[in-house]
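Let me begin by presenting the structure, written as structure tokens, before commenting on it.
Coordinate-derived values only; no laboratory data. All of these numbers come straight from a predicted model, not from anything done at the bench. As a convention, Cβ positions derive from the backbone with ideal geometry for all residues, glycine included, and neighbour counts pool all protein chains shown.
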Amino acid sequence: MRLDLSTLDNLPPAVDTPKYDPRLIGVGIVHLGIGAFHRAQTAVFSDDALAIERADWGICGVSLRSADVRDRLVPQDGLYTAVEKSPAGTRRRIIGSVREVLFLGDQRDAIRTRLLEGQTRIVSLTITEKGYCHDPATGKLNPAHPDIAHDLAHPDQPKSAIGLIAGALDARRLSHGRAFTVLCCDNLPHNGALVRGLVLAFAELRDPSLARWIAEQASFPSTMVDRIVPATTEADIADNDAALGLHDAAPVVHEPFKQWAIEDKFVAGRPAWDRAGAQLVADVAPYEAMKLRLLNGSHSALAYLGFLSGREFIYQVVADPVFVAYMRRMMEREVAPSLAVPQGVDLRAYQDALVQRFQNPALPHRTQQIAMDGSQKLPQRLLGTVRDNLAGGRPIDLIALAIAGWMRYVGGVDEHGRDIAVADPLAGEFKRLAARHRGDPAAWVRALLGVRAVFGDDLPADERLVAQLVRWLEALVADGAQRTVAAAVARS
């Protein structure tokens, strides 16, 4: 038997089920990018909010690139298991907030109808950094991106999230005249303002009057989301099936910790997320910077250097005292001084908690999963801190080692001469550059710094940064990641 609305009553007592009848919940949110992170984080907050206030704030999840999640969830009436894992044990709950799942590839008309409906008051997104078709170094729309170029030429057949949102807002402008709130939940700096800029730039190219209407009528709150969610494995599915006594094709696995800070700026209402534990704040920026630079920056640093040292999972990296010392010193000495700390936050306790969260052996998070799409992640996770520290005359030594680790990684060959499967939108460009410069660390650093979409125009001209990157890359090539990290800790 399969998990669905008809089998909810067949679950073991230890499995929590929705505290409301999902059949009675209408759709008020369209979520673009219904992957594991959304289902383990924001959809869980919505599930909690619906248990508190049973309004029509159900979710229509939209897959933009693959039918896989749709095909797993539709036979289950949108239900799935959120599996919380920690050293203390495993907890399972069924999430009922996802009431519909559609795939853009063959349900375009249904998605357009759902986006046009007045009852749709929020369009949220978790499409990863590369899904925004922008220049990560500047935050500007890339009109030459193939999806953006297509959407401008074929406005009725959008491929990109930006084109889809702009087209939906245009259709609403011309019909009932009511806009919606666009809620970005991806790891991007000032993500609400950034997405607003991308949508307005796209709309300006399409129809300046549309851009003016969106600017006046729609809202784009910034958010900060935080929960570690590794990719679900076949073993996770099998274990969950055994615990449920039913087949669930779409469980998600996550840590106990979760946090969601949201700028309270909605044009047509919102669920009771605040009553479900979300922080509704006037300014998300301090929370966002703290999370991006401390958590995500450390995650990326450990992913590249840990992978190069032979570790498959993050918890294995953080089991090594040398890497823990590196992480702590980078956070304390180079990242924390760049932050404006939110009121009431104990920054030292936050850093201690990060180490504990990364050490969770019940949550095997692959270093290569975190390492993917680095060209899109580095600007906000590491390079923003570098820019601030260079401007303030503060040290960048340990962050530069993390960037050098990325440079070694995208060279495509590991410390044992084996090929690295580099998953990145710029992987082809990195491969071409590596063919010319591999074997010459100084030339390789200069070549990668020349990728403007990642490093902009300012960082390649900073000789202090260049010198540190060359020194660290030479050490990584000569001595390997383990010895280089140990040396960095010893001298810091």
Legend entry - Residues with amide H under 5 Å from that of residue 281, placed H, sequence gap 5 or more: 262, 263, 264
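Using Cβ contacts closer than 10 Å as the measure, can you line up 25, 399 from fewest to most? Walk me through the numbers before you get to the answer.
Working: 25 20, 399 25.
Placing the least packed residue first, the sequence is 25, 399.
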Legend entry - Fraction of antiparallel bridges per DSSP, the stretch 5-281 only, in percent to nearest 5: 35
Inset, instruction - Specify the inter-centroid distance of the stretch 317-346 and the stretch 253-286, based on alpha-carbon positions, in whole Å. - result: 24
Inset, instruction - Mind giving me the FRET efficiency for residue 67 and residue 109? R0 is 22 Å, r the Cβ-Cβ distance, nearest 0.05 is fine. - result: 0.90
Inset, instruction - With a point put 7 Å past each Cα toward its Cβ, work out how far residue 175 is from residue 21 in nm, to one decimal. - result: 2.9
Inset, instruction - Rank these for me by crowding, 124, 86, going from fewest to most other beta carbons within 10 Å. - result: 86, 124
Inset, instruction - Starting from the Cα-Cα distance between residue 312 and residue 325, subtract it from 0.36 nm times their residue separation and give me the gain in nm to one decimal. - result: 2.7 nm
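Based on the Cβ-Cβ distance from residue 355 to residue 55, what FRET efficiency comes out when R0 is 60 Å, to the nearest 0.05?
Values: r = 40 Å, r/R0 = 0.66.
Efficiency, from the Cβ-Cβ distance: 0.90.
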Inset, instruction - Can you quote the Å³ per residue value for the convex hull of the Cα atoms in the chain, rounded to an integer? - result: 144
Inset, instruction - Post the alpha-carbon centroid distance, the stretch 194-251 to the stretch 10-78, in whole angstrom. - result: 13
Inset, instruction - Can you work out the PRE-style zone for residue 362? Point 7 Å along Cα to Cβ, and I want the residues of the stretch 287-323 with backbone N under 16 Å. - result: 315
Inset, instruction - Measure up 85/130; 291/377; 130/377; 140/265; 85/258; 258/291 against 20 Å on the Cα-Cα distance and list the ones that go over. - result: 85/130; 140/265
